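This report refers to the structure that appears directly beneath it.
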Amino acid sequence: MGIVVYGSEIAKKIKLEMIEKVKNLKDNGKRLPKLVVVLVGENPASISYVKGKEKACTEIGMENELIKLPETISQEELLEVVKTLNKDDEVDGILVQLPLPKQIDEHAILHAIDPSKDVDGFHPHSLGKLMLQEETFISCTPKGIIRILEEIGMKDLSGKHAVVIGRSNIVGRPLVQLLINHNATVTVCHSKTENIESIASQADILIVSVGKPRLVNHNWVKDGAVVIDVGINRDENNKLCGDVDFDDVVDKVSYITPVPKGVGPMTITMLLENTIHSYNIRENK
Ligand code: GUN
């Protein structure tokens, strides 16, 4: 049976270090790092994600603010909110929760965030720098996945074949860049890929981010592969599950992340880390 890698445990360790850092700042009477999350509308998944972010900020003692805006807000009004946050010297990180309502051009909003506060790593400035291997904010889920791989001793991925299923702007695309930067040989599969199962089964590292409950079964997985499950879905019985059929593949893998308690807690922790990084740059200028 494969080893189950709990991102929640890795996240706990990282958060303990952050608690110390923030406490030190507080004890020395310094300004504390601050994250502002902007939530538009009432999407239940977004509300749940945002709550997780608030809870994590509070746990480590970081300042945080949630700005709740109505579903009907105009693009201009939302841009004004972002511009105000850009100018606020107390704010280190700005996160506009996605998806946004139809009347708003998501790109226009992400482009408007000051790249020095882009703790989500979604601004073209951040993504371009990632591609060029320059220091920048790295999107939280891909960054968390790389941390999980490092934790199981996979720091240098030379000679490893990583297969990424999913090509989203949030996970798949930045993840491909990161994996290449760590010397992996990378194949990307998506909804238009043919023979996806046969490609997946050649992976030393299989990373799945498609949002389809238990899509990946033992036929997709090579013996001894490392499987990272990014999906957070509800199955037909409303039970939380990943994109991987955990019970069906666990005997075949060397390592596997569960859902919940796998990648999700790492994503939030990387957001906190990015916010502290932004704070450090801002304060040491
Ligand atoms: N929606 C789902 N995941 C994310 C995320 O990591 N950041 C933002 N801004 N929106 C999301």
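The values are calculated or read from the model by the stated rules, or taken from the named source; none is laboratory data. Model, not experiment: these values are computed from the prediction. Virtual Cβ from ideal backbone geometry, glycine too; neighbours counted across all protein chains shown. To get the accessible areas, we keep the full protein, side chains included, count just its heavy atoms, and leave off ligands, DNA and RNA. Shrake-Rupley method; radii C 1.70, N 1.55, O 1.52, S 1.80 Å.
At a Förster distance of 51 Å, what's the computed FRET efficiency of Lys212 paired with Leu132, Cβ-Cβ distance as r, to 0.05?
0.95
May I ask for the equivalent-ellipsoid semi-axes of the range 7-165, computed as the square root of five times each C-alpha gyration tensor eigenvalue and listed largest first in whole Å? Write out the running numbers ahead of the final one.
Details: eigenvalues 147, 98, 52 Å².
That gives 27, 22, 16 Å for the three semi-axes.
What length, rounded to one decimal in nm, is gained on full extension from Asn219 through to Leu240, with 0.36 nm per residue of separation minus their alpha-carbon distance?
Numbers: separation 21, 0.36 × 21 = 7.56 nm, distance 2.24 nm.
Extra length from Asn219 to Leu240 when fully extended: 5.3 nm.
May I ask you to compute the full-extension gain from Lys155 to His111, defined as 0.36 nm times their residue separation minus their alpha-carbon distance, rounded to one decimal in nm?
Roughly 12.6 nm would be gained on extension.
Using the C-alpha atoms of the range 157-196, what convex hull volume per residue, in cubic angstrom, is computed?
Convex hull volume per residue, Cα atoms: 50 Å³.
With the calculation restricted to Cα positions, what are the radius of gyration and Dmax of the range 1-53 in angstrom?
16.2, 50
Quick one: grab Rg to one decimal and Dmax as a whole number for the range 129-172, Cα atoms only, in Å.
11.4, 27
Please compute the per residue accessible area over the range 91-241 with all protein chains in place, 1.4 Å probe, rounded to a whole number of Å².
Heavy-atom SASA per residue in the range 91-241 reads 45 Å².
Kindly state, as a whole number, the per residue volume in cubic angstrom of the convex hull around the alpha carbon atoms of the chain.
Enclosed volume per residue, from the Cα hull, is 133 Å³.
List the pairs from Lys12/Lys51; Lys21/Lys143; Lys12/Lys155; Lys12/Lys34; Lys55/Lys102 whose alpha-carbon separation is above 25 Å, in the order I gave them.
Going by Cα-Cα distance, Lys55/Lys102 fall outside the 25 Å limit.
On average over all directions, what projected area in square nanometres does the range 97-187 have, based on the convex hull of its Cα atoms? Walk me through the numbers before you get to the answer.
Values: hull surface 25.4 nm².
That works out to 6.4 nm².
Where does the range 157-229 land on Rg/Rh, using Cα atoms and the Kirkwood Rh?
Looking at the range 157-229, the ratio lands at 0.93.
Show me, bin by bin at 10 Å from 0, the whole-percent P(r) of the range 121-256 based on Cα pairs.
13, 44, 34, 9, 0
So which helices of the chain fit the span-like rule, where a helix is a whole DSSP H run, its Cα atoms reach 15 Å or more along the axis, and its mean Kyte-Doolittle is at least 0.0?
140-151, 263-283
Points 7 angstrom from Cα along the Cβ direction at Leu98 and Lys21: gap in nanometres?
About 2.5 nm, to one decimal.
Starting from the Cα-Cα distance between Thr193 and Lys12, subtract it from 0.36 nm times their residue separation and give me the gain in nm to one decimal.
Working: separation 181, 0.36 × 181 = 65.16 nm, distance 3.71 nm.
My answer for the length gained is 61.5 nm.
For Val96, what residues show an amide H to amide H distance below 5 Å, using hydrogens built from the backbone and excluding near sequence neighbours?
Val38
At a threshold of 8 angstrom on Cα-Cα distance, excluding pairs fewer than six apart, so keeping six or more, what relative contact order does the chain reach in percent?
It comes to 22 percent, rounded to a whole number.
Between Asp251 and Gln202, what is the label-point separation in nm under the 7 Å Cα-to-beta-carbon projection?
Using points 7 Å along Cα→Cβ, the separation is 2.8 nm.
Just tell me the longest site-free run in the chain, where the sites are GluC sites (Glu not before Pro) in a DSSP loop having at most 13 other beta-carbon atoms within 10 Å.
After excluding every exposed loop site, the longest remaining stretch is 136-193.
How many nm is it between the label spots at Glu42 and Met1, if each spot is 7 Å from the Cα in line with the beta carbon?
My value for the distance between the label points is 4.3 nm.
Taking every pair of alpha-carbon atoms in the range 176-285, give the share separated by more than 26 Å as a whole percent.
27 percent
List the trypsin sites (Lys or Arg not before Pro) in the range 185-227 that DSSP assigns to loop (not H, G, I, E or B) and whose Cβ has at most 14 other Cβ atoms within 10 Å. Which are they?
Lys192
Within the set of other residues whose C-beta is less than 15 Å from the C-beta of Asn43, count the net charge using Lys and Arg as +1 and Asp and Glu as -1.
+2
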